[in-house]
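**Q** Here it is, the structure, as structure tokens.
The values are calculated or read from the model by the stated rules, or taken from the named source; none is laboratory data. Not measured: the values here are computed from a predicted model. Every residue, glycine as well, gets a Cβ built from its backbone with ideal geometry; the counts of neighbours run over all protein chains shown. Side chains are part of the model used for accessible areas, which takes the heavy atoms of the whole protein and leaves out ligands, DNA and RNA. Shrake-Rupley method; radii C 1.70, N 1.55, O 1.52, S 1.80 Å.
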Amino acid sequence: MKVLDAEFVQGFMRMATDGWDQGWHERNGGNLSYRIKEEEIASVEEELSPGEWLEIGTSVPELAGEYFLVTGSGKYMRNISIKPEDCICIIELDEKGENYRICWGLVNGGKPTSELPSHLMNHEVKKKVTKGRCRVIYHAHPANTIALTFVLPLEDEVFTRELWEMATECPVVFPEGIGVVPWMVPGGRDIAVATSELMKKYNVAIWAHHGMFCAGEDFDLTFGLMHTVEKSAEILVKVLSMGQGKRQTIRPDEFRHLAVDFHVTLPEKFLYEKQ
Ligand code: 2HA
Ligand code: ZN
């Protein structure tokens, strides 16, 4: 099969376009990666031609030998559906998880996303804690979520609780909560370590004054997660902008009732009493 005909590639391209349509990917902002299944990579084998080995910049031994579909560094999400072979690539990791080689795509040259260390370290953690089910890591720059990082304390508890309160579906969609990384230089190993540490507990990590990372089992769940968090952030921005504060909201005991009916566990650390 041709790479571009494969269902996982089609799903990847659709997600890139959906993110662009949401306004989350100005210029070359944001990046996406997918951990390819064995049968999927076998189905496109005829088109793979490995290049030279290059350093990842970190070590991900649990991902040794795996293949990923990733966006290219400096490439624009809005161009992916039009020129996929120029904008995205399939990479293979070596047997130590320290080097990668491009096997398809980026036909006009280039490298995988500048956030490759964060993507791969998140994949490594998520593969482990989900017993292999998690396959998608998505980074975007949604404006309302970023805006909140200027006015809320950069604490997991506060972000989770405030976003849960803004839409009843939120505690059902992300019952485990949300993590927050303070401002750090993007692109390197340090921010990758901080983010992957949060991914042990959460499926969402917010990067202060920068954007968001989401993890999920497939494209729908991962895009839907980002969409739900950002929608909730938009409501909070509107509420704060109206200037009078919340007159009423969902209270801790109401969250506890919701948890029973919807069969989710909501950690008590997010249900603190407010003064
Ligand atoms: O430009 O979003 O974090 C790509 C990015 C870097
Ligand atoms: Zn970014």
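**Q** Given the options GLY30, GLY109, GLY132, which has the most mean-square fluctuation in a GNM of the chain, springs set between C-alpha atoms less than 10 angstrom apart?
**A** It is GLY109.
**Q** Kindly identify the chain as rounded, prolate or oblate by the Cα gyration tensor criterion: order the square roots of the eigenvalues as a ≥ b ≥ c, call it rounded if a/c is under 1.5, otherwise compare a/b with b/c, prolate if a/b is larger, else oblate.
**A** Here the chain falls in the prolate category.
**Q** Given only helices, namely DSSP H runs of n ≥ 4 each adding -39500 (n - 2.57), what is the per-residue ellipticity at 222 nm of the chain, to the nearest 500 deg cm²/dmol?
**A** Roughly -11500 deg cm²/dmol at 222 nm, from the helical runs in the chain.
**Q** Before I look further, what does the chain give for accessible area per residue, probe 1.4 Å, in whole square angstrom?
**A** About 47 Å² of surface per residue is accessible.
**Q** Ignoring ligands, DNA and RNA, what percent of the accessible area of the stretch 154-264 is carbon or sulfur (1.4 Å)?
**A** The computed percentage sits at 54.
**Q** Turning to a different aspect of this structure: Kindly write out, for the stretch 215-228 in residue order, the coupling ³J(HN,Hα) from the Karplus curve 6.51 cos²θ - 1.76 cosθ + 1.60 (θ = phi - 60°), rounded to whole Hz, with x marking Gly and Pro.
**A** 10, x, 6, 8, 5, 4, 5, 6, 5, x, 5, 4, 4, 5
**Q** What is the percent carbon and sulfur in the accessible area of the stretch 31-146, measuring with a 1.4 Å probe over the protein chains and ignoring ligands?
**A** 44 percent
**Q** Cβ under 10 Å from ASN31's Cβ, ASN31 left aside: what net charge do those residues give with Lys, Arg +1 and Asp, Glu -1?
**A** My count for the surroundings of ASN31 gives 0.
**Q** Can you tell me how much longer the chain between LEU221 and ARG14 gets when fully stretched, taken as 0.36 nm per residue apart minus their C-alpha distance, in nm with one decimal?
**A** 73.2 nm
**Q** Same structure again: Hey, in the GNM for the chain with a 10 angstrom Cα cutoff, which one of GLU46, GLU176, GLU162 fluctuates hardest?
**A** Per the Cα network of the chain with a 10 Å cutoff, GLU46 tops the list.
**Q** Could you sort ILE56, ILE235 by accessible area so the largest value comes first, with the probe set to 1.4 Å?
**A** Listed by decreasing accessible area, they come as ILE235, ILE56.
**Q** Name the residue farthest towards the positive end of the dipole of the chain from the options ALA167, ALA194, THR113, assuming +1 on Cβ of Lys and Arg, -1 on Cβ of Asp and Glu, about the Cα centre.
**A** ALA167
**Q** What shape does the stretch 1-67 have by the C-alpha gyration tensor, where a ≥ b ≥ c are the square roots of the eigenvalues, rounded means a/c under 1.5, and otherwise prolate means a/b greater than b/c and oblate the rest?
**A** Oblate shape, in that a/c is at least 1.5 and b/c is the bigger or equal ratio.
**Q** Between rounded, prolate and oblate, where does the stretch 123-275 land on the alpha carbon gyration tensor, with a ≥ b ≥ c its root eigenvalues, rounded for a/c under 1.5, else prolate if a/b exceeds b/c?
**A** The shape class here is oblate.
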